[in-house]
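Chemist: Structure incoming, see below.
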């Protein structure tokens with residue numbers, strides 16, 4: 001009897017949540033400059049962000065790099081880039097929330 005009361009008390013307290021999905025989005029207004037062994041990337045900050053509990057909320061921006069030989073073909077699809085690129089850094093949620101007009105990322109090319 002006591003065991004059945006304890007078992008009844010077990011279980012989920014909230015409905016299950018969907019898994020967090022990484023959504024690929026790109027900016028058309030990305031600019032980059034090289035200073036020595038560093039590349040400085042800059043792009044417009046999102047105009048507004050969804051509420052924190054929304055699946056559309058931007059929690060982090062990941063930066064990927066793909067190093068190729070100078071003679072490599074220039075055409076590359078988004079899928080090819082995604083399959084071959086390496087994650088080199090991220091822009092944190094706090095920086096996104098506090099951004100003015102632009103976001104900036106410094107890549108030391110190491």
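The values are calculated or read from the model by the stated rules, or taken from the named source; none is laboratory data. Keep in mind the model is a prediction, meaning the values are calculated, not measured. As a convention, Cβ positions derive from the backbone with ideal geometry for all residues, glycine included, and neighbour counts pool all protein chains shown.
Chemist: Mind checking which residues of the range 25-39 are surrounded by 10 or more Cβ atoms within 10 Å (Cβ to Cβ) and at pLDDT 80 or above?
Modeler: If the condition is that a residue be surrounded by 10 or more Cβ atoms within 10 Å (Cβ to Cβ) and at pLDDT 80 or above, then 30, 31, 32, 34, 38, 39 are the ones that fit.
Chemist: Taking the conditions exactly as written (modelled with pLDDT of 85 or more, surrounded by 10 or more Cβ atoms within 10 Å (Cβ to Cβ) and more than 19 Å from residue 103 (Cβ to Cβ)), does residue 68 satisfy them or not?
Modeler: no
Chemist: Moving to a separate point now. Can you tell me which of (1) closer than 22 Å to residue 105 by Cα; (2) modelled with pLDDT of 80 or more is the one residue 22 doesn't meet?
Modeler: For residue 22, the failing item is (2).
Chemist: A follow-up question, please. Could you say which residue among 79, 53 is loosely packed, with under 10 Cβ neighbours inside 10 Å, closer than 30 Å to residue 17 by Cβ and at pLDDT 85 or above?
Modeler: One residue alone meets the criteria, 79.
Chemist: State all residues of the range 53-103 that are part of a strand (DSSP E or B) and touching a helix residue (DSSP H, G or I) at 6+ places or on another chain (Cβ under 9 Å); if no residue qualifies, say none.
Modeler: Answer for the range 53-103, where residues must be part of a strand (DSSP E or B) and touching a helix residue (DSSP H, G or I) at 6+ places or on another chain (Cβ under 9 Å): 61, 64, 103.
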